[in-house]
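See structure below.
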Amino acid sequence: MAKIEELVKVREFVSPWHRATINVLYTNNWLTLLLEKRAAAYQITLQQFNALRVLRGQYPQPVKNNLLKARMLSPTPDISRLVDRLEGKGLVTKSKSLDDKRAVDLLISEKGLALLECMESEMMLDNILPQHLTEDEAEQLSQLLDKLRGT
């Protein structure tokens, strides 16, 4: 197992906080690249995967663009284009909202639900995380990250 010092070619960090900062950033990039590759194998992007998960969480209720945008893990400036791409792949349906004529209702399709079911385990790193972290360590890591964000 390579330490962060070896990975970024640093002999010593200025402080434990500096080491932690670099480690979090490096690990975020590592995870993002890994997940992007896995999503690409299913011909979708990581953001599209995230959008599908949000829509599945509300299913069978339709979702408006604003709710989808608010629940995305990473900022998505053009949510309409992302939804259009999902619709083009048959993963999402759009319809005029009955309660707000200016809005569009979004609903994950059966094809979208099936895709998520197929790729869920791989995208949640079920084949990596349990090999490197115990359940207690995963919980501790989550608690430390929550603490880092001040929650």
Fill in the blank from the handout: Subtracting the Cα-Cα distance of K96 and S121 from 0.36 nm times their residue separation yields 5.7 nm
Handout entry: Entry for Rg and Dmax of the Cα atoms in Å (calculated from the structure that is shown) out of [x] 14.2, 44; [y] 18.8, 62; [z] 17.3, 61
Key = [y]
Fill in the blank from the handout: Within the range 1-75, DSSP-loop chymotrypsin sites (Phe, Trp or Tyr not before Pro) with at most 16 other C-beta atoms within 10 Å are F13, Y42
Fill in the blank from the handout: Taking Cα atoms, the helix 135-148 axis meets the longest principal axis of the chain at an angle in degrees (rounded to 10) of 80 degrees
Exercise for the section: With 27 Å as the limit, write out which pairs from K9/K69; K69/K96; K69/K111; K69/K94; K94/K147 have Cα-Cα distances beyond it, or answer none. Expected result: K9/K69; K94/K147
Fill in the blank from the handout: Across L133, L35, L115, the residue with the highest GNM fluctuation in the chain (Cα network, 10 Å cutoff) is L133
Fill in the blank from the handout: For the chain, the accessible surface attributable to carbon and sulfur atoms (probe 1.4 angstrom, ligands and nucleic acids excluded) amounts in percent to 56 percent
Completion exercise
Scoring only Lys, Arg, Asp and Glu (+1, +1, -1, -1) among other residues with Cβ under 12 Å from the Cβ of L31 yields +1
Completion exercise
So the angle from the long Cα axis of helix 110-123 to the longest Cα principal axis of the chain, reported in degrees to the nearest 10, equals 0 degrees
Exercise for the section: Could you please state, rounded to a whole Å, how far the C-alpha centre of the range 110-127 is from the C-alpha centre of the range 1-42? Expected result: 25 Å
Exercise for the section: Tell me the trypsin sites (Lys or Arg not before Pro) within the range 4-44 that lie in a loop according to DSSP and have at most 16 other beta-carbon atoms within 10 Å. Expected result: K9, R11
Fill in the blank from the handout: Per residue, accessible area of the chain with a 1.4 Å probe, heavy atoms of protein chains only, in Å², comes to 72 Å²
Problem - Square roots of five times the Cα gyration tensor eigenvalues for the range 95-147, Å - result: 37, 18, 6
Handout entry: For the range 67-72, 3J(HN,Hα) per residue [Karplus equation, 6.51 cos²θ - 1.76 cosθ + 1.60, θ = phi - 60°, Hz, x = Gly/Pro]
Key = 5, 4, 4, 5, 9, 5
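The values are calculated or read from the model by the stated rules, or taken from the named source; none is laboratory data. Just so it is clear, the structure is predicted and the values come from calculations on it, not from any experiment. Here the Cβ is made from the backbone with ideal geometry for all residues, glycine too, and neighbour counts use every protein chain on show. Surface areas here come from the heavy atoms of the whole protein model, side chains and all, with no ligands, DNA or RNA. Shrake-Rupley method; radii C 1.70, N 1.55, O 1.52, S 1.80 Å.
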